Amino acid sequence: MHFSNEFQTIYIRYSDKIYRYLYIQTRDPYLAEDITSETFLRAWKKWREIKQDYIQALLFKIARNILIDYWRREKDKKKISLELTTEMGIEPSYDEDLIEKIHKDEKVKGLNVALGKLAKNLREVVILRFMEELSAREAAGVIGTTEGNIRILQFRALRKLKEFLNEK
């Protein structure tokens, strides 16, 4: 298979997953689009060096690192919410079908709110393990920790989610 065809196949297979991961983390469709694009740009630049067996975990790791860098840079800045942008008459340019799909995928009413209450590290484990269906090993590689720690964080996250969902 030709180099660009291989990459195109990878992009088609994983771009929605990377976008969904970033959208859930940021709740900002524009930022999620930007970081998704940057993720694949960085992967493209290193394409010949990448081991194809671990491409999904690597893409998530690249996306996560870009997001962490963004959060560090934007720590003190206020972000404009999607609601305010819409109120100002600026129409969003994201794929509304994909956003609809994301909301439909949330099986439990209130899960979105409960996820938002979780600490970032716990929320990230839930997203990677259950929404993106990464193995504990893959999630550990993305986050930079051990499989055992992923399982501990997963247990804590699920316990907290259950508490939050039972509060209603």
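The values are calculated or read from the model by the stated rules, or taken from the named source; none is laboratory data. Please read all numbers here as calculations on a predicted model, not as lab measurements. No Cβ is skipped: glycine too gets one built from the backbone with ideal geometry, and neighbour counts run over all protein chains shown.
The figures follow:
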| item | result |
| --- | --- |
| Sole exception among (1) modelled with pLDDT of 85 or more; (2) surrounded by 16 or more Cβ atoms within 10 Å (Cβ to Cβ); (3) touching a helix residue (DSSP H, G or I) at 6+ places or on another chain (Cβ under 6 Å) for residue 102, by number | (1) |
| Subset of the range 1-51 (residues that are free of Cβ contacts under 8 Å to residues at least 24 places away in the same chain, among the hydrophobic types (A, V, I, L, M, F, W, C) and either touching a Cys at 6+ places or on another chain (Cβ under 7 Å) or surrounded by fewer than 15 Cβ atoms within 10 Å (Cβ to Cβ) (or both)) | 1, 12, 41 |
| Positions within the range 24-46 being farther than 21 Å from residue 134 by Cβ and assigned to a helix (DSSP H, G or I), in sequence order | 29, 30, 31, 33, 34, 37, 41, 44, 45 |
| Count - residues of the range 131-160 that are closer than 21 Å to residue 112 by Cβ and either surrounded by 19 or more Cβ atoms within 10 Å (Cβ to Cβ) or over 15 Å from the mean Cα position of the chain (by Cα) (or both) | 10 |
| Exclusive hit being closer than 23 Å to residue 118 by Cα, part of a helix (DSSP H, G or I) and hydroxyl-bearing (Ser, Thr, Tyr), set 21, 14 | 21 |
